[in-house]
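Remarks on the structure that follows.
Nothing in this text is a laboratory measurement; each read-out follows from the coordinates by a stated rule. The structure presented is a predicted model; accordingly, all values stated were derived computationally and were not measured. All Cβ positions, glycine included, derive from the backbone under ideal geometry; neighbour counts span all protein chains shown.
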Amino acid sequence: MALVLNIETATTNCSVSLSKDGETLVLREDNSAGYSHAETLHVFIDEVFKTARLKSSDIDAVAVSKGPGSYTGLRIGVSSAKGLCYALNKPLIAIDTLESLAHQANIKDGYIIPMLDARRMEVYSAIYNSKFELFREINAEVLTEDSYRELLNQTKVYFIGNGVEKTKKLIQHSNAKFIEGKLPSANEMAVLSDLKYKKSDIEDVAYFEPYYLKDFVGIKKKV
């Protein structure tokens, strides 16, 4: 029996769940447009424990969404997760952000392409089959009208994530299916973190870093 605290901060969705044996017990999240992670993350962590009537010391592990995604969001989530692991002497589990996002698409056949906006016409994406097995590794790619054409000519392809909005403007194909309004959530992390915990697939807390995929680029605010 594994009780895991799951933390997801890779996008604008600040999400925390408490799960037991792969099932979500309590979920708190805020997916408003702005990044509120610094203000709300620890509030949500406290709330999930209070709602479940459990103490932080009761958990068996802390799982964190490792990226790719927002540089600042990932830093906040990973820093908080590592701090909890140090304080509670619990193992750290890292979950692929795009893999957990793919689990929001329940399909019988075809492929799932979870994608996160990476500014301009670029997205972070991967490709999974209907059994959530990785078909193509994570890439940062610039979208064009011909993106994924070979796959689309063969079968249905389900696009999910905040990269969908720009994708549906470019890709016009009968096999292209767009699942809108979805962001990575700590809810889908539950199954994945439980599997990793059972396999003792954990990280070195001292040296673990988020998977940024690309170097951070600062943007000056417009005056």
(request) Specify the longest stretch of the chain that does not include any exposed loop site, a site being one of the GluC sites (Glu not before Pro) with a non-H, G, I, E, B DSSP assignment and at most 14 other Cβ atoms within 10 Å. (result) 1-132
(message) With the alpha-carbon atoms as the only input, what is the per residue convex hull volume for segment 1-50 in Å³?
(response) 65 Å³
(message) Over the chain, what is the relative contact order in percent, taking alpha-carbon pairs closer than 8 angstrom and at least six residues apart?
(response) 24 percent
(message) Straight-line reach from LYS169: which aspartates and glutamates fall under 20 Å, measuring Cα to Cα and dropping same-chain residues less than 8 apart?
(response) ASP117, GLU122, GLU141, GLU145, ASP146, GLU150, GLU180
(message) Based on alpha-carbon centroids, what's the gap between segment 96-174 and segment 1-49 in Å, whole number please?
(response) 25 Å
(request) Output the pairs from LYS90/LYS199; LYS131/LYS199; LYS20/LYS177; LYS108/LYS177; LYS20/LYS90 with a Cα-Cα distance over 21 Å in this structure; if there are none, say none. (result) LYS20/LYS177
(message) Test of the criteria: in segment 58-128, which trypsin sites (Lys or Arg not before Pro) are in a DSSP loop and have at most 10 other Cβ atoms within 10 angstrom of their Cβ?
(response) LYS108, ARG119, ARG120
(request) Note down the relative contact order for segment 105-179 as a percent, whole number, built from C-alpha pairs under 8 angstrom at least six residues apart. (result) 32 percent
(request) State the extension gain, in nm to one decimal, for the chain segment bounded by ASN106 and ARG149, taking 0.36 nm per residue of separation less the distance between their alpha-carbons. (result) 13.3 nm
(message) Running a GNM on the chain with Cα contacts under 10 Å, which residue among PHE44, PHE159, PHE135 ends up with the highest mean-square fluctuation?
(response) PHE135
(request) Restrict the search to segment 126-217; then list the trypsin sites (Lys or Arg not before Pro) that DSSP places in a loop and that have at most 15 other Cβ atoms within 10 Å of their Cβ. (result) LYS131, LYS199, LYS214
(message) Taking just the alpha carbons, could you work out the radius of gyration and Dmax for the chain, both in angstroms?
(response) 17.5, 53
(request) May I ask you to list the aspartates and glutamates whose Cα is less than 14 Å away from that of LYS156, ignoring any residue fewer than eight positions away on the same chain? (result) ASP109
(request) Take every DSSP beta bridge with both residues inside segment 105-179 and express the antiparallel ones as a percent of the total, to the nearest 5. (result) 60 percent
(request) Between beta-carbons, use under 13 Å as the cut-off and find the net charge around VAL157, counting Lys and Arg +1, Asp and Glu -1. (result) +3
(request) Could you grab the relative contact order for segment 65-107? Cα pairs under 8 Å, six or more apart, rounded to a whole percent. (result) 49 percent
